[in-house]
Amino acid sequence: MASGKTLLITGVSSGLGRALAQEALAAGHKVVGTVRSARAKHDFESLSADSAFGRALDVTDFDAIDRVVAEIEASVGPIDVLVNNAGYGHEGIMEESPLPEMRRQFDVNVFGAVAMMKAVLPFMRARRRGHILNITSMGAYITMPGIAYYCGSKFALEGISEALGKEVGRFGIAVTAVAPGSFRTDWAGRSMKRTPRSISDYDDIFDPIRKAREEKSGKQLGDPRKAARAMLAAIASDRPPAHLLLGSDALRLVREKLSALESEIGAWEAVTVSTDD
């Protein structure tokens, strides 16, 4: 694949962001990675003396994002690819979960990603080229009890990605929403924010899901390095996809969801069309 692109990846300290950064560096790209601390910045830059550039940035610090992106453009070079990877999972029954926890989930997973896109778009549009990858989730398609705020944030980012792609495609800018299934990252470990349980009515539906998720953490089928290579293939493509599922579990569950949706639409078709004049 062609080398020499500059990738800006948010959240490179661990997980898919770290794996993508390492694979991109190995493929000959430059990577600017956002981190949350000076120590993490040093750790990231140690991956490559001349191709890994760390920048301390919290994606919810909306006032800082434009300045940081402009500085990267001036000092490192034109940003060819933005990867919105920074995010986290919130676990909690909706009735039990305070609204501020939803705001925080959307600030990081949606508003932070949108702020990053808005910062790079003027540069990409001026150059008439660029690629934005938004890491969503199979939870942008399928849902389960206990992750309503998380799924809501990923549904939102998936829709924003698709609409944006239709706005900027004419400028040579591609937008890909990447929806991973279960991978061996820390998403379900220390990175997940969990609302304490308080309403026993939900125990039967939620407790088995939480137990299964905790037992599965670290043993998931998905290999982050292989996910990284799949994303690099999308970046290298002349016709990158608007949507890219990663993992056989994501493929199976999303296909089941689409099939169920099609069945329900069919079952209610008469009611649906009855509203026309």
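The numbers here are math on the coordinates, done by the rules we state, and not lab data. Here the structure is a predicted model, which is why all the values come from computation and not from measurement. Every residue, glycine among them, receives a Cβ derived from its backbone with ideal geometry; neighbour counts consider all protein chains shown.
Numbers below:
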read-out: Mean Cβ count within 10 Å, highest first, over the residues of peptides 167-174, 227-234; value: 227-234, 167-174
read-out: Three-way shape call for region 73-144 based on the alpha-carbon gyration tensor, with the a/c threshold at 1.5; value: prolate
read-out: Long-range amide H partners of residue 133 with built H, under 5 Å; value: 82, 83, 84, 176
read-out: Rounded to the nearest 20 debye, dipole of the chain from Cβ charges on Lys, Arg, Asp, Glu; value: 1200
read-out: Two-site label geometry, residue 143 and residue 268: point separation in nm, points 7 Å out along Cα→Cβ; value: 1.2
read-out: Relative packing of 195-204, 66-75, which averages over residues the other C-beta atoms within 10 Å, highest first; value: 66-75, 195-204
read-out: Flagged links, alpha-carbon separation over 24 Å, of 193/226; 118/193; 30/118; value: 193/226; 118/193
read-out: Point-to-point label distance, residue 60-residue 127, nm (Cα→Cβ direction, 7 Å offset); value: 3.1
read-out: Kirkwood Rh, Cα atoms: Rg over Rh of region 6-273; value: 0.98
read-out: Under the Karplus curve 6.51 cos²θ - 1.76 cosθ + 1.60, θ = phi - 60°, whole-Hz ³J(HN,Hα) for region 253-266, x wherever Gly or Pro sits; value: 5, 5, 4, 4, 5, 5, 5, 5, 5, 4, 5, 5, 4, x
read-out: For residue 246, distant residues with modelled amide H under 5 Å away; value: 179, 181
read-out: Residue-by-residue Karplus 3J(HN,Hα) for region 272-277, coefficients 6.51, -1.76, 1.60, Hz, glycine and proline x; value: 4, 7, 5, 8, 6, 6
read-out: Rounded tilt (10° steps) of 224-236 against the dominant C-alpha axis of the chain; value: 70
read-out: Contour excess over end-to-end distance, with Cα ends at residue 71 and residue 257 and 0.36 nm allotted per residue; value: 62.6 nm
read-out: Degrees separating the helix 15-26 axis from the principal Cα axis of the chain, which is the longest one; value: 30
read-out: Where labels lie 7 Å past Cα in the beta-carbon direction, separation of residue 95 and residue 214 in nm; value: 2.2
read-out: In order through region 209-220: 3J(HN,Hα) via Karplus (6.51 cos²θ - 1.76 cosθ + 1.60), integer Hz, x for Gly, Pro; value: 5, 4, 4, 5, 5, 5, 5, 7, 4, x, 10, 5
read-out: Per-peptide average of other Cβ atoms within 10 Å, ordering 130-138, 217-225 highest first; value: 130-138, 217-225
